[in-house]
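Worksheet: one structure, shown below.
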């Protein structure tokens with residue numbers, strides 16, 4: 001299997017490269033300048049040249065707050081660009097797996113979101129990603145839309161790395177306690193993506209393998225404050241930086257873009273149709289901390305904990 005992933009260096013892309021190559025999968029990444037979602041005319045030639053068996057559409061405009069001030073760019077990349085990838089996949093006769101987000105929901109549901117729940121994005125980022133989902137599914141090829149949430153890893157910028165960085169210089173960290181979800185390891189997502197891709201190739205005649213799926217972590221519901229406390233406890237146990245969490249409300253930490261209050265994704269459909277169940281987030285967080293403590297920005301803080 002040759003898996004072509006759009007975007008260089010993102011969390012999921014980096015995890016896919018690592019996990020895929022360890023499993024003997026032929027993985028290639030494509031990105032700017034030869035592949036640029038902001039220039040749709042570059043999409044098909046770049047994908048054709050990469051010779052994919054399956055395309056993972058991971059590249060996106062992911063700056064949630066900045067999207068509020070640059071909606072045209074967000075829609076150009078997340079909607080028009082995503083559609084161009086799916087159209088190219090259809091033209092090439094290969095399946096596409098498109099990554100989407102919990103931000104397509106308004107966060108009002110007290111129980112985990114299902115794929116059949118009505119969408120209602122609160123801001124530009126979520127609206128642009130929802131438009132991208134629709135463009136992907138309308139392209140006419142074999143397509144899977146995978147919604148994910150609260151991604152973390154040893155790569156790039158994410159909540160785990162931010163908490164470790166703050167704990168290196170602060171004794172107390174203010175963290176929102178009224179947004180609920182579950183952190184999802186990019187490594188778990190990579191393993192799940194590889195399994196979905198394998199299913200699509202092994203069972204080409206099964207229409208049920210396509211459509212919208214949620215890929216969320218197992219384990220209990222958690223607030224960002226709960227996750228921060230788990231990060232600091234795990235970091236301290238590994239000789240890394242730690243801090244006390246001060247629980248605050250969303251209103252006490254205003255941002256340009258509104259966040260969903262509840263982002264838990266129910267993944268029963270993924271388990272039933274693709275046979276994929278992600279691990280408990282607490283176990284996966286520990287594995288990410290094993291990789292993160294003592295690396296890069298946290299090295300200088302190890303003696304402070």
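The values are calculated or read from the model by the stated rules, or taken from the named source; none is laboratory data. Only a predicted model underlies this, so the values are computations on that prediction, with no experimental measurement involved. Please note: Cβ atoms are built from the backbone with ideal geometry, for glycine as well, and neighbour counts cover all protein chains shown.
Go through 240, 156 for me and flag whichever is more than 23 Å from residue 274 (Cα to Cα), assigned to a loop (DSSP other than H, G, I, E, B) and within 15 Å of the chain's Cα centre (by Cα).
156
What do you reckon, is residue 181 crowded, with 24+ Cβ neighbours inside 10 Å and either farther than 29 Å from residue 201 by Cα or at pLDDT below 95 (or both)?
It is true that residue 181 is crowded, with 24+ Cβ neighbours inside 10 Å and either farther than 29 Å from residue 201 by Cα or at pLDDT below 95 (or both).
Scan region 114-131 for residues that are in contact with a helix residue (DSSP H, G or I) (Cβ under 6 Å, 6 or more places away or on another chain), under 19 Å from residue 196 (Cβ atoms) and either free of Cβ contacts under 8 Å to residues at least 60 places away in the same chain or not in a helix (DSSP H, G or I) (or both) and report the count.
So the answer is 1.
When you scan region 42-60, how many residues do you find that are out of contact with any strand residue (DSSP E or B) (no Cβ under 8 Å at 6 or more places or on another chain) and either under 25 Å from residue 70 (Cα atoms) or modelled with pLDDT under 95 (or both)?
2
Within region 12-91, which helices (runs of 4 or more DSSP H) (wholly inside it) include 1 or more residues that are closer than 22 Å to residue 151 by Cβ?
Helices (runs of 4 or more DSSP H) meeting the threshold: 64-67, 71-75.
Hey, does region 208-218 have a residue that's over 25 Å from residue 54 (Cα atoms) and either touching a strand residue (DSSP E or B) at 6+ places or on another chain (Cβ under 6 Å) or surrounded by fewer than 22 Cβ atoms within 10 Å (Cβ to Cβ) (or both)?
Here is the first cut: in region 208-218, the residues over 25 Å from residue 54 (Cα atoms) are 218.
Those still in the list that are either touching a strand residue (DSSP E or B) at 6+ places or on another chain (Cβ under 6 Å) or surrounded by fewer than 22 Cβ atoms within 10 Å (Cβ to Cβ) (or both) too: 218.
Checking region 208-218: at least one residue is over 25 Å from residue 54 (Cα atoms) and either touching a strand residue (DSSP E or B) at 6+ places or on another chain (Cβ under 6 Å) or surrounded by fewer than 22 Cβ atoms within 10 Å (Cβ to Cβ) (or both).
Exactly one condition in (1) farther than 22 Å from residue 253 by Cα; (2) in contact with a strand residue (DSSP E or B) (Cβ under 8 Å, 6 or more places away or on another chain); (3) not in a helix (DSSP H, G or I) is false for residue 111; which is it?
(2)
Can you pull out the residues in region 33-69 that are under 23 Å from residue 190 (Cα atoms), within 20 Å of the chain's Cα centre (by Cα) and crowded, with 16+ Cβ neighbours inside 10 Å?
Those that are under 23 Å from residue 190 (Cα atoms), within 20 Å of the chain's Cα centre (by Cα) and crowded, with 16+ Cβ neighbours inside 10 Å: 36, 37, 54, 55, 56, 57, 58, 59, 60, 61, 62, 64.
Here are the criteria: (1) part of a helix (DSSP H, G or I); (2) at pLDDT 95 or above; (3) within 24 Å of residue 63 (Cα to Cα). Tell me which single one residue 297 does not satisfy.
Unmet condition: (2).
Can you find even one residue in region 165-177 that is buried (at least 23 other Cβ atoms within 10 Å of the Cβ), closer than 30 Å to residue 39 by Cα, modelled with pLDDT of 95 or more and in contact with a strand residue (DSSP E or B) (Cβ under 7 Å, 6 or more places away or on another chain)?
Checked against the condition, which is being buried (at least 23 other Cβ atoms within 10 Å of the Cβ), closer than 30 Å to residue 39 by Cα, modelled with pLDDT of 95 or more and in contact with a strand residue (DSSP E or B) (Cβ under 7 Å, 6 or more places away or on another chain), region 165-177 yields no hits at all.
Mind counting the residues in region 241-258 that are farther than 23 Å from residue 66 by Cβ and either exposed (fewer than 12 other Cβ atoms within 10 Å of the Cβ) or in contact with a helix residue (DSSP H, G or I) (Cβ under 6 Å, 6 or more places away or on another chain) (or both)?
Going through region 241-258 one residue at a time, the tally reaches 6.
Quick one: is residue 176 over 26 Å from residue 57 (Cβ atoms) and touching a helix residue (DSSP H, G or I) at 6+ places or on another chain (Cβ under 6 Å)?
Against the criterion (over 26 Å from residue 57 (Cβ atoms) and touching a helix residue (DSSP H, G or I) at 6+ places or on another chain (Cβ under 6 Å)), residue 176 qualifies.
If residue 99 passes every condition in (1) assigned to a helix (DSSP H, G or I); (2) closer than 30 Å to residue 255 by Cβ; (3) touching a strand residue (DSSP E or B) at 6+ places or on another chain (Cβ under 8 Å) but one, which one does it miss?
(1)
Which pairs do you get when a residue that is in contact (Cβ under 8 Å) with a residue 40 or more places away in the chain, found in region 137-148, comes within reach of a residue that is in a loop (DSSP other than H, G, I, E, B), reach meaning Cβ atoms under 6 angstrom, with the pair 6+ apart or on two chains?
If the second residue must be in a loop (DSSP other than H, G, I, E, B), the pairs left are 142/95; 142/210; 143/210; 144/210; 146/215; 148/215.
Output the number of residues of region 259-294 satisfying the condition of being modelled with pLDDT under 95 and surrounded by 21 or more Cβ atoms within 10 Å (Cβ to Cβ).
2
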